[in-house]
Structures are given as C-alpha cells and as structure tokens.
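The values are calculated or read from the model by the stated rules, or taken from the named source; none is laboratory data. Since we're looking at a predicted model, the values are computed, not measured. Note that we place each Cβ from the backbone using ideal geometry, even for glycine, and neighbour counts take in every protein chain shown.
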Amino acid sequence: MNNITHFINGQITAASERNAPVYNPATGEQTGVVSLAPASLVEEAIANAKEAFEEWSKVTPLNRVRILFKFKMLLEERMDELAEAITKEHGKVFEDAKGEIIRGMEVVEFACGIPSALKGEITEQVGRDVDAYSVNQPLGVVAGISPFNFPAMVPMWMWPVAIACGNTFVMKPSEKDPTATLMVAEWLKECGLPDGVLNIVNGDKEAVDVLLTHPDIQAVSFVGSTPIAEYIYSTASAHGKRVQALGGAKNHMIVMPDADIDGAVNALMGAAFGSAGERCMAISVAVAVGDIADELVDKLAAKTKELKIGNGINRGLDMGPLVTKEHHAKVKGYVDLGVEEGAKLVVDGRDVKVDGGENGYFLGGCLFDNVTTDMKIYQEEIFGPVLCVVRVEDYATAAKMINDHEYGNGTSIFTRSGAVARKFAHDIQVGMVGVNVPIPVPMAFHAFGGWKRSLFGSNHVHGPEGVRFYTKRKAVTMRWPEGDLDAEFVMPTMK
Ligand code: NAD
C-alpha cells in the first residue's frame, strides 16, 4: 500500500491525520492512501515557498532553465516509469499516459526558452533625453490546482512556466491520482531545483481554500469542472488574486456531407473514446449534417463494438476503465437517462466484460443516435465513453447549436470545403477550433483555453499568455539630467 503524503521544502512529509483511499481502477484494488493536508500544512508550504522566492527570483533566467533542461532529459529517460504510475491510478492505457507526458514535456521545453520570452521593450528618447522601458517580473508565490484526468500534463501546463519566470509554486494535485506529481517533484530536486521552489500539497477543499484566500498567494491556476472553476474564480479573485480557472466542456464535431466519411469516423473514434472519454477536449457530440447521417452512424457503431478494452497496463488496447467506482456509476447513469429521454442507444457498453477486470470500473463504448438539444445527455458534460449523434439539415443549424451551448472549450469540422471551414473558424464561439483535426489542442508555444463557461478569467494557459499570467509588467521612465531640473506644476508633457 503506497503511503502518499506531501512534498514541502524539498522533503517528503509525514502522513496527515485525514486521508483518502487511492484505487487501481482496472482491478478495483486499493493501492494507496493519500494524505489530506490540514490548513496548517498548506500554510507551512506557502511560508517555505515565500522564503524560497527571495533567492529563486534572483537566479538568472538562464540558470533557472538549465535545471528544466536537465529535468526534460530525465523525464525522457524515466517516461515509462511515470506512465505506469499514471495508468495504475488513472486507468488510461499506457501509450496514452506516455502521450500526456510528452504533451506536458513540451511545456517544459517551451519554458526552457524563458530568457527570450521574458524580454521587455525599450523606447529611446520618449522625451528629450528620456528613455522608457518595460520589464516582466515574477509575482511571488503562485498556486495550481489540477484535475484527475491528466495527472502529469495539467500540472506541467502550470509550474514549468511559473518557476521559469522566477515564481515559486504550491501545487495541489487531484486526490484521485496523486502519485505522478510527487514523482515529478522529487525528480526536479534531483535536477537541482532548490528546496521550496515547487511544493506539493495533497488534499481536498480544506487545502484548496487556504490557497484561494492566503494573502501570500499572488495567483491561482485551476483546471477542473465548471462548478468548482467558478467557485475558485470568484473566491480567489475576491481575495485579490489573479485567477485562470479552466472548466468543463461539451465538444462538438460537425461532419459535413462532403467530408471524407471514413476519415471522420476514425477521427471520432479516437476523439470520443480515447482515455475513455475522460478528456476536456474529447468529442462527445457528432453533428451529422444532411444525408450522411445513416452511413456515419453505421460505421461508428461497427467500430464502437470493436473497441479493445482492458487493463491499460497491457499494451495494444484502445481504452481502459473509468477513474473511480463513483464516476463509473455517474456515467452509466447518463446512459440510462439517455434511454429514458428517448435517444436511440445504438451501441450499449453497460455490460462490457473484461478478462480479469471483474472488479474494475469498465464501461464499453456507448453510441447514441437521434439525440436532441433538449436532452440532458446533450446539455451536460458526461466525461465518459459516450458519443451522442445529433442529426441536422444544414451547416447553419449545426453552428447555431454549438454557439448556443453553455460550454465553448473545443470544436471541429470535417469538410472538403475551404469556404465552409473558413466561415466555421471565423464565426464559431469556441476557444479552440479544428478543421479536419478532431482534438485541436494548441501546442505549448501557443495558449490553451476555452470560451464561455469553459474558462473563468482572462488568460489562457502556457505559451505567451502563460508568461503574461505569471509575470507583472513594470514600466520605467528614466533620465540622467546634466543640469538642474525645474519645478513643473502642470501635467508634464514630453518636449
Ligand atoms: P474537479 O472539479 O472535481 O476537481 C478538480 C480539482 O478541484 C481537484 O484538485 C479537486 O481536489 C478540487 N476540488 C474538488 N472539489 C472542490 C471543492 N468543493 N472545493 C475546492 N476544491 C475542490 O474535476 P475532476 O473531476 O478532477 O476533473 C474533471 C473535470 O475537469 C471535467 O469537468 C473536465 O472537463 C475538466 N477539465 C478541464 C480542462 C480544461 O482545460 N478546460 C482540462 C482537464 C479537465
């Protein structure tokens, strides 16, 4: 049984009094106990991070990123070890766990370029013998709170950019799969990261509430469900902090009548069922436009029935289990609800059998046809292997549907028409858009974030917006007069 505690000031701590069980979702076995930090321990982590900031903020950006370069090399060497730890707590298949590590590592690689990204601006001679320049300085101690579905990647959207900019960090991972972040923190220490620069506190609401209200926390990055994102945003901003809070999603993919249907079907299979649909960029609604709907549904049904499902630690599988027993029950409940609401359940994955997985939280791929916008299975985020097909007459109805939805994280269109694709990319009210690309996740050197109720706050994560979020800008106006300065009683204007 793993005893999973915290990492504060470069040390793994003793266990806390309160704790929660951690399971292997493929077997249903309890594999660990995670400590839940009391408020006093979170305060201790913040105090250590505050002390570490004094020195870390003075380290030159080049020397800061030399540690990240070493960490990147170590991550490549130990990727399999980290991927296995993710699979054992989250359930996603091993290859997919490696994929998430690589996408996180790309943010580390972006952060390795911080000496360039931090550069300010200068204008000589804004007035006679007066120069002006702006610099980007770190904020101080910043915090991150992450969801269960990407236990390595989502924290890596946050801390690499933050610490490269000179901040120190307190991270609160998901209590459902906490091991990956602790491993990463220990590896960073091995690479030379000074104690106190990255602290990990495991915990629940009690720990989070300290991060949202403590006067020494300057900014909070959150990724998780919309109700909690909204709470994080309102509470932390009411306490004077910068906040970026990324929430839930319901991502649509439009399939136009002129699309390559086989290509669209393959794209939908990966986008809907990869990681058992537990991705904020998963496609959960396929919008079939015009007379291709029957062909699309038939081809999707055949492939959904063929999904290779099993314990993700074994190689060559498409899909593992859901993360917890409770989440399994919730997703299965949505499938029951869809049937009650009158949608046609074309493929029913509720009774899937997996060899050796009798106690695991497995759900087979589920495919609904004839879903309508008044159904709860259309409106709400299910976060499981459930794909809903909505049939519409034309492009305009499909686009309006997407624009009317409360979420606006990702969307895509499959078409051979440049004109329709261009119109879609320009008009659609969603933050991340794909054209013949099902999951349009921006690369690390761009920024990731949705619109509407998929993001609270004004900055997306990583890329230049991440640097902006984790720095404050200072504008300096400077002159070195050779003679005396006259008193000026009117607004000084530059002469
Ligand atoms: P969650 O909102 O339940 O938990 C996220 C974090 O918030 C965890 O660390 C958790 O401990 C903490 N938390 C939970 N309840 C809290 C409370 N009452 N007060 C304070 N903190 C609390 O989300 P989850 O189930 O772990 O993750 C799945 C959700 O995350 C989905 O909705 C998914 O769409 C979303 N997500 C969004 C993105 C994005 O980029 N927009 C990315 C990944 C996941």
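For segment 324-340, give me each residue that is closer than 22 Å to A26 by Cβ, part of a helix (DSSP H, G or I) and among the β-branched types (V, I, T). Correct list: V331, V335.
Note on segment 248-268: residues that are touching a Pro at 6+ places or on another chain (Cβ under 8 Å) and within 11 Å of the ligand (Cβ to nearest atom) total 0.
Within segment 478-494, residues that are touching a residue at least 40 places away in the same chain (Cβ under 8 Å) reach partners that are charged (D, E, K, R) and surrounded by 10 or more Cβ atoms within 10 Å (Cβ to Cβ) with beta carbons closer than 7 Å, at six or more positions or on different chains, in the pairs M478/D131; R479/D129.
For segment 117-128, the condition holds for at least one residue, the condition being that it is over 30 Å from L485 (Cβ atoms), buried (at least 17 other Cβ atoms within 10 Å of the Cβ) and at pLDDT 95 or above. Is it the case that T373 is out of contact with any Phe, Trp or Tyr (no Cβ under 8 Å at 6 or more places or on another chain), hydroxyl-bearing (S, T, Y) and under 22 Å from C280 (Cα atoms)? Taking the combined requirement at face value, the residue satisfies it.
Considering (1) farther than 25 Å from P151 by Cβ; (2) touching a residue at least 24 places away in the same chain (Cβ under 8 Å), the lone condition that S40 does not fulfil carries the number (2). Of the numbered criteria (1) surrounded by 18 or more Cβ atoms within 10 Å (Cβ to Cβ); (2) assigned to a loop (DSSP other than H, G, I, E, B), the one V389 fails is (2). Filtered by the rule that a residue be under 13 Å from A219 (Cα atoms) and within 11 Å of the ligand (Cβ to nearest atom), segment 144-181 gives G144, I145, M171. Contact map, segment 163-175: first residue among the aromatic types (F, W, Y), second residue in a helix (DSSP H, G or I), Cβ cut-off under 6 Å, separation 6 or more or different chains; pairs are F169/W159; F169/A162; F169/I163. Looking only at residues of segment 11-32 that are buried (at least 17 other Cβ atoms within 10 Å of the Cβ) and touching a strand residue (DSSP E or B) at 6+ places or on another chain (Cβ under 9 Å), we find that the one that is nearest to I313 (Cα to Cα) is N24.
Could you please let me know if P178 is modelled with pLDDT of 95 or more, touching a strand residue (DSSP E or B) at 6+ places or on another chain (Cβ under 9 Å) and under 28 Å from A14 (Cα atoms)? When the stated conditions are applied, P178 passes them. Pairs linking a residue in segment 54-78 that is of a type in the set (S, T, Y) to a residue that is surrounded by 15 or more Cβ atoms within 10 Å (Cβ to Cβ), with Cβ atoms under 7 Å and 6 or more positions apart or on different chains, are S57/P138; S57/G166.
Going by the conditions given, is S284 within 16 Å of the ligand (Cβ to nearest atom), on the phi > 0 side of the Ramachandran plot, of a type in the set (S, T, N, Q) and within 26 Å of the chain's Cα centre (by Cα)? It is false that S284 is within 16 Å of the ligand (Cβ to nearest atom), on the phi > 0 side of the Ramachandran plot, of a type in the set (S, T, N, Q) and within 26 Å of the chain's Cα centre (by Cα). Residues that are without any contact (Cβ under 8 Å) to a residue 60 or more places away in the chain and aliphatic (A, V, I, L, M) within segment 376-414 comprise I377, A396, listed in sequence order.
Would you mind stating whether F148 is in contact with a Leu (Cβ under 6 Å, 6 or more places away or on another chain) and surrounded by 15 or more Cβ atoms within 10 Å (Cβ to Cβ)? Considered against the rule, which asks whether it is in contact with a Leu (Cβ under 6 Å, 6 or more places away or on another chain) and surrounded by 15 or more Cβ atoms within 10 Å (Cβ to Cβ), F148 comes out as no. Of all residues in segment 155-207, those that are over 22 Å from E106 (Cβ atoms) and among the hydrophobic types (A, V, I, L, M, F, W, C) total 3. Restricting attention to segment 212-238, the residues that are surrounded by fewer than 21 Cβ atoms within 10 Å (Cβ to Cβ) and hydrophobic (A, V, I, L, M, F, W, C) add up to 2.
Could you list, in sequence order, the residues of segment 352-368 that are surrounded by fewer than 23 Cβ atoms within 10 Å (Cβ to Cβ) and either on the phi > 0 side of the Ramachandran plot or touching a helix residue (DSSP H, G or I) at 6+ places or on another chain (Cβ under 7 Å) (or both)? Selection gives G356 alone. Being under 22 Å from the mean Cα position of the chain (by Cα) and more than 15 Å from G463 (Cβ to Cβ) holds for only one residue in P115, P173, and it is P173.
Screening G290 on (1) within 12 Å of the ligand (Cβ to nearest atom); (2) over 27 Å from G466 (Cβ atoms) shows it passes everything except condition (1). For segment 392-408, a residue qualifies if it is within 14 Å of the ligand (Cβ to nearest atom) and surrounded by fewer than 21 Cβ atoms within 10 Å (Cβ to Cβ), and exactly one does: E406. Would segment 44-57 turn up any residue that is within 22 Å of V154 (Cα to Cα) and of a type in the set (F, W, Y)? Within segment 44-57, none of the residues are within 22 Å of V154 (Cα to Cα) and of a type in the set (F, W, Y).
Applying the set (1) out of contact with any Asp or Glu (no Cβ under 8 Å at 6 or more places or on another chain); (2) under 15 Å from I382 (Cβ atoms) to A343 leaves exactly one unmet item: (1).
Looking across segment 191-240, the residues that are among the charged types (D, E, K, R) and within 14 Å of the ligand (Cβ to nearest atom) come down to D204, K205, E206, D209, E230.
Within the set A207, A229, the sole residue that is hydrophobic (A, V, I, L, M, F, W, C), closer than 20 Å to E175 by Cα and over 19 Å from the mean Cα position of the chain (by Cα) turns out to be A207.
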